[in-house]
1. Given (i) 14.7; (ii) 18.5; (iii) 16.1, which label gives mean projected area of the Cα convex hull in nm² as computed from the coordinates?
2. Mind listing the long-range amide H neighbours of Leu233? Cut-off is under 5 Å, sequence gap 5 or more, other chains count too, H placed in the peptide plane at 1.01 Å from N.
3. So how strong a dipole does the stretch 60-103 carry about its Cα centre when Lys and Arg Cβ are +1 and Asp and Glu Cβ are -1, to the nearest 20 debye?
4. Just to verify a number: what accessible area does His97 come out at with the full protein assembly present, 1.4 Å probe, Å² rounded to tens?
5. Using Cα springs under 10 Å in a Gaussian network model of the chain, which residue among Val160, Val212, Val112 shows the largest mean-square fluctuation?
6. So what are the ³J(HN,Hα) numbers for the stretch 92-98, from phi and the Karplus equation (6.51, -1.76, 1.60; θ = phi - 60°), rounded to whole Hz, Gly and Pro as x?
7. Residue farthest toward the positive end of the dipole of the chain, with Cβ of Lys/Arg at +1 and Asp/Glu at -1: which of Asn39, Tyr158, Gly10?
8. Do any trypsin sites (Lys or Arg not before Pro) in the stretch 204-269 lie in a loop, going by DSSP, with at most 10 other beta-carbon atoms within 10 Å of their beta carbon, and if so which?
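The values are calculated or read from the model by the stated rules, or taken from the named source; none is laboratory data. Worth saying up front: this structure is predicted, and the values here are computed from it rather than measured. Counting neighbours? That spans all protein chains shown, and the Cβs are built from the backbone with ideal geometry, glycine included. Quick note on the areas: whole protein, heavy atoms, side chains included, nothing else; ligands and nucleic acids left out. Shrake-Rupley method; radii C 1.70, N 1.55, O 1.52, S 1.80 Å.
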Amino acid sequence: MKIAFVGKGGSGKTTLSSLFIRHLAATGAPVVAIDADINQHLGAALGLEEAQAAALPAMGDRLPLIKDYLRGTNSRIASTETMIKTTPPGEGSRLLHLCEDNPVYDACAHRVELGSGAARLMVTGPFTDADLGVACYHSKTGAVELFLNHLVDSRDEYAVIDMTAGSDSFASGMFTRFDITFLVAEPTRKGVSVYRQYKEYARDYGVVLRVVGNKVQGQDDLDFLRAEVGDDLLVTVGHSDWVRAMEKGRPPRFEFLEDANRRALRLLQVAADATYELRDWDRYTREMVHFHLKNAASWGNERTGADLAAQIDPGFVLGEGVTAPA
C-alpha cells in the first residue's frame with residue numbers, strides 16, 4: 001500500500017507519519033519510509049541522531065544509479081540520460097518490490113530499528129546552498145516519483161511517504177501515486193486551507209483523501225474541523241506526552257504511546273487497508289502516461305533532445321502479476 005502524509009508546514013505531518021511508521025513496523029509488516037519533504041526531519045522523528053540523519057544517502061544524489069537499474073532492458077528508453085522523473089515502466093523495465101533486496105535499496109535505504117519492528121528509510125536529500133538559484137527541489141523528488149512509478153506493492157506491505165508541505169505536492173504527478181493520502185490539519189483557518197486546495201486539485205484524479213485532525217484540544221476544535229472538512233475527517237489527535245518525550249530525544253518504548261493515539265493509528269491502518277479493494281492498475285498506468293506526456297511536452301523533450309512520448313509502451317499495464325527481468 002502506498003500512503004502519503006501531506007499538510008501545511010508545522011501541521012505535524014512528519015510526527016504523525018513517523019508514528020504511523022512505528023505502528024506498522026510494530027505489527028511486523030514490511031515498511032519503506034521515504035522523506036520527500038524539503039525539510040528532512042523524518043529520520044530524527046524515527047529516532048536517529050542528528051548526525052546519523054544528516055549522513056543518510058540521498059536518493060537525489062543517486063539518481064543515475066536508480067535510472068540505470070529501473071531502465072533494465074527496456075528498448076524504448078534510449079539511455080538513462082533520456083529518463084525523466086515521470087518515465088513509466090514498460091517491457092524490459094525492472095520493477096521494485098517492498099520485500100526484496102536490490103541495488104536501489106542497497107544504495108539508498110537505511111534500516112531503522114524501531115523497538116519491536118524496523119523499517120527501511122529513504123530520503124530525497126536536503127536542498128543545499130549549491131542548489132540555490134540553479135535548481136528546483138522537485139528535481140530531487142524525481143527519484144521518489146520514479147520509485148513509485150516502478151513499485152509493485154501488495155496488501156499488508158507499506159510505502160509511507162512524508163511529502164513536501166502545502167500544495168507543493170502538486171508540482172508533479174506524484175500526488176496520484178498513492179492508495180490513500182492523509183492530510184494533517186490543525187483546527188484553524190490556515191490549517192484547513194491546504195485541505196481545500198488539495199481537495200480541489202485532486203478532484204479529477206480519484207485521489208482518496210482523508211483528514212487527520214492534529215493538535216485538537218476540545219469539542220470546539222472538533223466541531224470546527226467537522227464543519228470545515230465534513231466526512232473527510234477520519235480521526236483527531238491531541239496532546240501526547242510520548243511525542244513530547246520523543247521530540248526531546250528520549251522516547252519511551254512505543255507500547256507506552258497513549259491509548260487514544262494508538263487507536264487513532266489503528267484507524268489510519270484500517271482506512272489504508274480498505275483502499276486495496278479500490279485499486280485500478282489500468283487507471284494508475286494511464287495517469288503515469290498522462291503526466292509523462294505533460295512533462296515531456298512542457299520541458300522534457302527540449303531538455304533531453306528526444307521524443308519522450310516514444311518511451312510509452314502501449315501494451316504495458318503495471319500490476320501485481322507483472323514480471324520483470326532479473
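1. The calculated read-out lines up with (iii).
2. Sorted by chain and number, the residues that satisfy this are Val211.
3. Rounded to the nearest 20 debye, it is 160 debye.
4. Surface accessible to solvent at His97 totals approximately 70 Å².
5. Among Val160, Val212, Val112, the largest GNM mean-square fluctuation belongs to Val112.
6. Karplus values, whole Hz, x for Gly and Pro: x, 5, 8, 9, 10, 10, 6.
7. Gly10
8. Lys248, Arg253
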